[in-house]
Amino acid sequence: QVQLVESGGGLVQAGGSLRLSCAASGSIFRFNAMGWYRQAPGKQRDMVATITSGGITNYADSVKGRFTISRDNAKNTVYLQMNSLNPEDTAVYYCNARRQFGTVVVGSDYWGQGTQVTVSS
């Protein structure tokens, strides 16, 4: 069993930056796909950014060029650097860890408890 704990959320003005961290209670090396998702009130949870164990990244179009995902296997931590934030980025951000091959998730799909990001205009 792996627990994911997010931190780094908060209130920031438009144009500002935040760095989210996701610390895992165990090794993340076995998770070939880790990522950040977000859910705004009344909306579904959407992918923000993902990173493979080999460092290949994927971003939602809405955050490309502004957000950067990274992972530190030695520290069992995944990060999301968010720059040029705007009010549309306001949401609860969730960390995810899984083993995924193509579209198939193998084994457990782990989620953190979420961290609130609020961007004021």
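Rule-based calculations on the coordinates, nothing more; no lab input. Here the structure is a predicted model, which means the values were calculated and not measured. No Cβ is skipped: glycine too gets one built from the backbone with ideal geometry, and neighbour counts run over all protein chains shown.
When the chain is treated as a Gaussian network with alpha carbon springs shorter than 10 Å, the biggest mean-square fluctuation among Val63, Val48, Val105 belongs to Val105. Positive end of the dipole of the chain (Cβ unit charges, origin at the Cα centre): among Thr90, Val106, Tyr59, the Cα lying farthest that way belongs to Val106. Inter-part distance, region 63-85 to region 1-36, computed on C-alpha centroids, equals 8 Å. Evaluated on the chain, the Kirkwood hydrodynamic radius is 14.3 Å, with distances taken between all distinct Cα atoms.
The dipole here belongs to the chain: it is taken about the Cα centre, uses +1 on the Cβ of Lys and Arg and -1 on the Cβ of Asp and Glu, and is about 220 debye. One chain, two ends: Ala60 and Ala23. Fully extended at 0.36 nm per residue, the span grows by 11.1 nm beyond their Cα-Cα distance. For region 49-88, the relative contact order is 31 percent, taking Cα pairs closer than 8 Å that sit 6 or more residues apart in sequence and dividing their mean separation by the residue count.
Projecting the Cα atoms of Ala74, Leu20, Ala33 onto the dipole axis of the chain, where Lys and Arg carry +1 and Asp and Glu carry -1 at the beta carbon, places Ala74 farthest toward the positive end.
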